[in-house]
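FYI, it's all coordinate maths here, none of it is from the lab. Quick caveat, the model's predicted, so the values are computed rather than measured. Neighbour counts run over all protein chains shown; Cβ positions are idealised from the backbone, glycine included.
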């Protein structure tokens, strides 16, 4: 990647990154520009590739794969909690339950509660 500065100078960013990848990064994480964990003497304690491999093996070894595929349908969750259903009018309850069953509303129900218009 070659960039041109505001003054017209060309800068090869990939060479700058490669040249400075062992330099301590700014911040409080104790890493270099590559992401390796380093100590106060700038010696590499834990390499980035080792950390990535360890994290990947944790994920894959937990279940055998990162994702599981099931032929069973996902359990249906209630869209409206029971506490809220108790506060609704019978028309509103019917409407909410109809939405949960079909996932498509027919038409909105006008509220008859006091304070709502």
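Which order do 88, 7 fall in if you start with the one that has the fewest other Cβ atoms within 10 Å?
Listed from fewest to most nearby Cβ atoms, that is 7, 88.
What is the distance, in nm, between label points placed 7 Å from the Cα along the Cα-to-Cβ direction at residue 1 and at residue 57?
A separation of 3.2 nm, rounded to one decimal place.
Gain in length, residue 99 to residue 40, computed as 0.36 nm per residue apart minus the alpha-carbon separation, to one decimal in nm?
So the chain would gain 15.2 nm between residue 99 and residue 40.
If I model a spin label at residue 33 and residue 49 as a point 7 Å from the Cα along the Cα→Cβ vector, what separation in nanometres do I get?
Spacing of the two 7 Å Cα→Cβ label points: 1.9 nm.
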